[in-house]
Amino acid sequence: MSYGITSLSEQAASAQELLALQRGHWQVESANHYRRDVSLGEDTSRIRTGHGPSNSAALNNLALALLLSQRPDDTVPNAQTYYAGNRDEALQLLLHPG
């Protein structure tokens, strides 16, 4: 059993709606963490002190956003492989992300 706290009133959201909101939140969280942990190796990182872990996570989020903005139907490993072989295009993506 788990408990949750919300600022929504009973009229604003039923128990079923609250459950759907909670599941939706964790689905997004799980997908993002899975990509960072598995595709970018965040769990194996040895960065542990100071602002290093949060800076690393921010850079990983930026990398994922850039990769998926240009190759939304591709997997992260495939996008990484593509840009590893097309370094000029990867540099252009970093310099001109729009």
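The values are calculated or read from the model by the stated rules, or taken from the named source; none is laboratory data. None of the values given here were measured: they were computed from a predicted structure. Cβ sites come from the backbone with ideal geometry, for glycine too, and all protein chains shown count toward neighbours.
Of the residues that make up segment 61-81, is at least one of a type in the set (Gly, Ala, Ser) and surrounded by fewer than 10 Cβ atoms within 10 Å (Cβ to Cβ)? So that I can check it myself, show each step before the final result.
In the first step, residues of segment 61-81 are kept if they are of a type in the set (Gly, Ala, Ser); the result is 63, 65, 69, 79.
Then keep just the ones that are surrounded by fewer than 10 Cβ atoms within 10 Å (Cβ to Cβ); that gives none.
No, segment 61-81 contains no residue that is of a type in the set (Gly, Ala, Ser) and surrounded by fewer than 10 Cβ atoms within 10 Å (Cβ to Cβ).
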When both residues are 6+ apart or on different chains and their Cβ atoms are under 7 Å apart, which pairs have a first residue that lies in segment 42-56 and is within 22 Å of Ala31 (Cα to Cα), and a second that is assigned to a loop (DSSP other than H, G, I, E, B) and of a type in the set (S, T, N, Q)? Ser56/Ser45
Of all residues in segment 9-40, how many are modelled with pLDDT of 85 or more, surrounded by 13 or more Cβ atoms within 10 Å (Cβ to Cβ) and within 30 Å of Asn55 (Cβ to Cβ)? 6
Only one of Arg46, Arg35 is within 20 Å of the chain's Cα centre (by Cα), closer than 30 Å to Tyr3 by Cα and not β-branched (Val, Ile, Thr). Can you tell me which? Arg35
I need a count of the residues in segment 64-96 that are farther than 17 Å from Val28 by Cα and touching a residue at least 12 places away in the same chain (Cβ under 8 Å). 9
